[in-house]
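Peer 1: I'd like to ask you about the structure that follows.
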Amino acid sequence: MALDISFIKKIPKVLLHEHLDGGIRTKTIVEIAKKNKITLPSFDPTHLSKWFIDQSNQKDLYKCLDAFAVSCSVMQDQESISRIAFEFIEDMYLDGVIYAEARYCPFLHTNKGLSMDEVMSAVLAGLNQGKLQYNVDFGVLVCGIRNLGPEINFELTKLAHRYIDKGVVGYDFAGADLDFPLSDNIDTINYLNNHKIPFTVHTGEAAPCDYILEAINLGAARLSHCAKIFDQAKTTPSIIDQSLELIKQNNIHIEINISSNIATGVSDIKHHPFISLFNNGINVALNTDDRLMFGNTLSSEYGYVANLYNLSYSDIKQMNINAAKSAFANNKVKKNITSKIMEFIV
Ligand SMILES: [Zn+2]
């Protein structure tokens with residue numbers, strides 16, 4: 001029986017993978033752009049929404065990444081950044097999300113003179129205001145972007161370290177995984193490991209399983225995407241078995257983003273590894289990645305996937321417990337959100 005979307009909305013949920021600059025309301029983009037005289041592909045929120053979705057649905061990861069130039073153009077002053085962060089929490093509340101990790105790259109918001117610390121303060125102010133109003137907890141992940149190069153990514157790591165326990169809970173490597181190997185950022189990785197800052201890695205998005213194994217071996221606590229975990233380009237089949245074994249042994253959480261993977265063409269519904277990983281007892285949960293780009297919510301994502309693979313309420317509950325236990329938040333927060341999911345009465 002298909003699960004009703006209004007029921008899925010009520011289930012307490014945890015979202016670990018959403019980009020702050022990929023989840024803005026189009027109405028907000030239009031208002032900020034008009035106020036700050038910023039050019040947009042359209043000033044009609046409905047048309048603009050379609051533009052973002054079309055741009056990201058061309059089976060081309062780079063075209064999707066290009067859309068971020070537009071979303072980031074309205075995140076260059078503190079007032080707008082705080083507003084977007086506040087609305088992020090409001091959206092989570094409206095979708096039944098009880099804990100969310102918002103990830104973003106502060107460097108991308110310094111085009112008009114803000115320092116990265118000013119960007120971070122604005123983000124935390126908006127998220128904290130939302131938390132106070134809606135009782136939705138959050139953690140921030142600072143994104144290093146592979147394409148930006150190792151020096152900037154290292155600066156971003158030091159920034160993340162300064163804000164640990166002040167809202168930041170970890171680090172993420174985003175960007176084009178196939179063309180910019182993780183190993184280029186070895187100083188950043190050593191810094192993260194030495195300071196015990198947990199990190200996740202966008203990997204197996206466009207790149208095959210070899211890159212996933214590399215991320216595991218370099219100390220990733222979680223893995224983002226892994227759409228190509230059953231693909232390998234240059235090594236022996238044992239790489240896949242080895243990766244799966246390590247993922248199981250270390251209970252590494254995989255942040256699944258099915259709608260995103262299909263839209264950008266890195267996978268398709270026939271070959272996506274999600275159901276195989278889930279049926280094998282791997283620690284997975286669903287995510288939105290970029291609500292603005294893919295037109296989804298966490299509830300719609302669970303509804304879509306539940307319908308596709310005939311999943312039950314207990315499957316959805318299990319995945320949200322997986323996400324709660326794999327959050328980068330402290331143990332108190334993790335225990336609290338896990339209890340809320342467990343205690344939910346159908
Ligand atoms: Zn992502």
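Peer 1: So which cysteines of the chain have no other cysteine's Cβ under 4.7 Å from theirs?
Peer 2: If one checks each Cβ against the other cysteines of the chain, Cys64, Cys72, Cys209, Cys226 turn up with nothing under 4.7 Å.
Peer 1: For the stretch 258-263, in order, what is each residue's ³J(HN,Hα) by Karplus, 6.51 cos²θ - 1.76 cosθ + 1.60 with θ = phi - 60°, in whole Hz (x at glycine and Pro)?
Peer 2: Values, residue by residue: 5, 4, 4, 4, 6, 4 Hz.
Peer 1: For the chain, what is the calculated [θ] at 222 nm in deg cm²/dmol (nearest 500), taking -39500 (n - 2.57) for each run of four or more DSSP H residues and dividing by its residue count?
Peer 2: Calculated from helices alone, the mean residue ellipticity at 222 nm is -15500 deg cm²/dmol.
Peer 1: Also: The stretch 266-346: which trypsin sites (Lys or Arg not before Pro) are DSSP loop and have at most 12 other beta-carbon atoms within 10 angstrom?
Peer 2: Listed in order of number, the matching sites are Lys270.
Peer 1: Next question, about the same structure. Once amide H atoms are placed 1.01 Å from N in the peptide plane, what residues at a sequence separation of 5 or more from His253, or on another chain, have their amide H within under 5 Å of its amide H?
Peer 2: Leu223
Peer 1: Then there's this: Rank the residues Met92, Met319 as a footprinting-exposure proxy: fewest other Cβ atoms within 10 Å of their Cβ go first.
Peer 2: Lowest to highest Cβ neighbour count: Met319, Met92.
Peer 1: Also, quick follow-up: Would you list, by chain and number, the aspartates and glutamates whose Cα falls below 15 Å from the Cα of Lys35, excluding same-chain residues fewer than 8 positions away?
Peer 2: Within the straight-line cut-off, Lys35 pairs with Asp44, Asp77, Glu79.
Peer 1: Once the dipole of the stretch 5-343 is set up with Lys and Arg at +1 and Asp and Glu at -1 on Cβ about the Cα centre, which of Asn190, Phe274, Leu16 lies farthest towards its positive end?
Peer 2: Leu16
Peer 1: Output the peptides 33-44, 18-29, 54-65 sorted from most to least packed, where packing is the average of other Cβ atoms within 10 Å over each peptide's residues.
Peer 2: 18-29, 54-65, 33-44
Peer 1: Which lysines, if any, have their Cα less than 16 Å from the Cα of Lys13, not counting same-chain residues under 8 positions apart?
Peer 2: Correct list for Lys13: Lys131, Lys317, Lys325, Lys334, Lys335, Lys340.
Peer 1: Where does the chain land on the Kirkwood hydrodynamic radius, alpha-carbon pairs, in angstrom?
Peer 2: About 20.0 Å, per the Kirkwood formula over Cα pairs.
Peer 1: Which distance in Å, rounded to a whole number, links the C-alpha centroids of the stretch 145-217 and the stretch 26-54?
Peer 2: With the stretch 145-217 and the stretch 26-54 each reduced to a Cα centre, they are spaced 31 Å.
Just so you know, all these numbers are worked out from the coordinates, no wet-lab data involved. For clarity, every value in this text was computed on a predicted model and none was experimentally measured. Note that we place each Cβ from the backbone using ideal geometry, even for glycine, and neighbour counts take in every protein chain shown.
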